[in-house]
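The values are calculated or read from the model by the stated rules, or taken from the named source; none is laboratory data. Here the structure is a predicted model, which is why all the values come from computation and not from measurement. Note that each Cβ is placed from the backbone with ideal geometry, even for glycine, and that neighbours are counted across all protein chains shown.
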Amino acid sequence: MLRVPTDHASPAAAAAAAHRTIPCARPARARTAARYSPARTVVAQADAAGLGLVGSNELRVAYQGAPGAYSEQACMLAYDDCEPVPCSQFEHAFLAVTEWRADRAVLPIENSLGGSIHRNYDLLLKYRLHIVGEVGLPINHCIMALPGTKKEEIVCVQSHPQALAQCENYLNTHYPNSRGVVHQATDDTADSAKRIAQEDIKGYAAIASRRAAELYDMEILDEGIQDDKLNVTRFVALAREPVPVKDDDGSQRQYKTSIVFTLKEGPGVLFKALSVFALRDINLTKLESRPMRAAPIVTDEAGSVQKLKRFNFVFYCDFVGGTNDATVQNALRHLGEIAPYMRVLGSYPLHETDLSHLSTKDV
Ligand SMILES: O=C(O)C(=O)C[C@]1(C(=O)O)C=C[C@@H](O)C=C1
């Protein structure tokens with residue numbers, strides 16, 4: 001039997017536990033102050049007009065990482081003039097919004113080279129936040145060390161696992177394990193640079209942004225070291241409330257919708273589920289499956305012995321079209337007849353990433 005995935009066992013318990021553990025860098029704001037902040041009007045306008053187009057003074061945007069992280073850049077791309085709020089873990093950013101300590105969270109969801117950021121898919125299901133926007137950020141990695149360090153002195157390269165994955169070929173060519181260089185995963189790119197700088201760690205290098213090198217006075221040994229010049233991370237913006245999808249604001253803006261659903265077991269069930277989009281010419285842009293953490297395993301009674309029958313999954317799907325569109329509404333109604341559980345994570349303006357900084361040769 002499939003079970004419907006649940007959110008927190010108890011929201012109050014989750015919030016109480018979270019209060020004890022979240023080291024989100026900013027002091028908590030009073031709940032009422034955040035609720036009635038004049039910034040909310042500006043925020044609503046920013047979301048409604050489309051990310052990146054309207055200034056968003058006073059908007060507090062939670063992200064994972066230290067200042068100089070790519071996620072911080074994504075916050076500013078999504079909401080110019082916002083106040084980025086660094087959090088040490090992805091879940092802390094979800095909690096910061098849930099508990100009114102931030103107005104938005106901007107979190108990485110997938111990268112063109114490294115693939116999906118699975119943790120954030122799982123957290124999207126665990127929390128009841130809404131996707132209100134997306135931005136694609138071109139990622140240009142630098143390798144950096146303490147000023148004066150020579151390349152041959154490097155014994156360890158540290159960075160976020162996604163960044164290490166995106167630079168795999170470069171690392172294996174220039175700093176290979178076979179030469180005794182360790183590739184070490186850390187919580188985020190900028191924090192690796194910060195620690196090496198602040199703790200004066202000789203022989204260590206970090207993979208991070210140019211901005212991180214500038215912030216922490218690190219020397220760049222090489223730039224543009226990702227395995228493909230075209231390296232883009234897609235971030236989603238999360239809020240407590242969904243944004244209204246405009247029927248006709250004259251902007252010709254395209255929308256996207258993200259959903260999560262489960263399926264009963266049986267031949268062709270995923271094919272049938274996806275046919276609700278294909279039949280209506282709805283363009284899917286992403287499909288991801290994750291373990292259903294609320295009930296990951298289906299078992300069978302074989303005599304007196306419990307046997308593993310199969311694993312349980314949830315499916316995440318993005319497609320072009322907003323929930324205001326009758327065709328999308330029909331597709332979702334149709335999917336609702338097939339899927340035991342379905343939730344719309346958000347409908348939001350589609351973001352077209354500006355790649356004009358790359359030469360045509362690179363593209
Ligand atoms: O460590 C950072 O700088 C981050 O913002 C995280 C992150 C990620 O999780 O994918 C964001 C963009 C890059 O793809 C590499 C790392």
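Quick notes on this one:
- Selection of segment 120-168 for residues being under 30 Å from residue 356 (Cβ atoms) and charged (D, E, K, R) yields 134, 168.
- When residue 202 is tested against (1) assigned to a loop (DSSP other than H, G, I, E, B); (2) outside the structural domain of residue 157 (by the TED database); (3) out of contact with any Pro (no Cβ under 8 Å at 6 or more places or on another chain), exactly one condition is not met: (2).
- When segment 172-195 is filtered for residues that are of a type in the set (D, E, K, R) and assigned to a strand (DSSP E or B), nothing remains.
- Residue check for residue 264: among the charged types (D, E, K, R) and assigned to a loop (DSSP other than H, G, I, E, B): yes
- For residue 121, the conditions (1) crowded, with 17+ Cβ neighbours inside 10 Å; (2) closer than 21 Å to residue 73 by Cβ all hold with the exception of (2).
- Residues satisfying the stated conditions in segment 193-203, i.e. touching a residue at least 24 places away in the same chain (Cβ under 8 Å) and either hydrophobic (A, V, I, L, M, F, W, C) or more than 15 Å from the ligand (Cβ to nearest atom) (or both): 193, 196, 197, 200, 201, 202, 203
- The residues of segment 102-116 that are of a type in the set (A, V, I, L, M, F, W, C) and surrounded by fewer than 23 Cβ atoms within 10 Å (Cβ to Cβ), listed by number, are 109, 113.
- Within segment 158-192, considering residues that are among the hydrophobic types (A, V, I, L, M, F, W, C) and within 14 Å of the ligand (Cβ to nearest atom), the one surrounded by the fewest Cβ atoms within 10 Å (Cβ to Cβ): 185
- Any chance residue 252 is closer than 30 Å to residue 78 by Cβ and free of Cβ contacts under 8 Å to residues at least 12 places away in the same chain: yes
- Condition check for residue 231 on (1) modelled with pLDDT under 95; (2) more than 16 Å from the ligand (Cβ to nearest atom); (3) not assigned by the TED database to the domain that holds residue 310: one failure, at (2).
- Selected residue (criterion: farthest from the ligand (Cβ to nearest atom)) from residues of segment 92-121 that are more than 19 Å from residue 258 (Cβ to Cβ) and assigned to a helix (DSSP H, G or I): 95
- Among (1) out of contact with any Ser or Thr (no Cβ under 7 Å at 6 or more places or on another chain); (2) assigned to a strand (DSSP E or B); (3) touching a residue at least 40 places away in the same chain (Cβ under 8 Å); (4) surrounded by 12 or more Cβ atoms within 10 Å (Cβ to Cβ), the one test that residue 310 misses: (4)
- Top-ranked residue of segment 74-91 - restricted to ones that are under 15 Å from the mean Cα position of the chain (by Cα) and surrounded by 23 or more Cβ atoms within 10 Å (Cβ to Cβ), ranked as nearest to residue 288 (Cα to Cα): 74
- The single condition from (1) in contact with a Ser or Thr (Cβ under 8 Å, 6 or more places away or on another chain); (2) modelled with pLDDT of 95 or more; (3) surrounded by fewer than 23 Cβ atoms within 10 Å (Cβ to Cβ) that residue 207 fails is (3).
Okay, residues lined up against (1) of a type outside the set (A, V, I, L, M, F, W, C); (2) part of a helix (DSSP H, G or I); (3) under 18 Å from residue 90 (Cα atoms):
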| position | (1), (2), (3) |
| --- | --- |
| 133 | yes, no, yes |
| 144 | no, no, no |
| 149 | yes, no, no |
| 170 | yes, yes, no |
| 197 | no, yes, no |
| 221 | no, no, no |
| 228 | yes, no, no |
| 237 | no, no, yes |
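- Options 289, 258: the member that is among the small types (Gly, Ala, Ser), in contact with a Gly (Cβ under 7 Å, 6 or more places away or on another chain) and not in a helix (DSSP H, G or I): 258
- Any hit, segment 122-143, residues being in contact (Cβ under 8 Å) with a residue 24 or more places away in the chain, over 23 Å from the mean Cα position of the chain (by Cα), away from the ligand (no atom under 12 Å from the Cβ) and more than 15 Å from residue 220 (Cβ to Cβ): no
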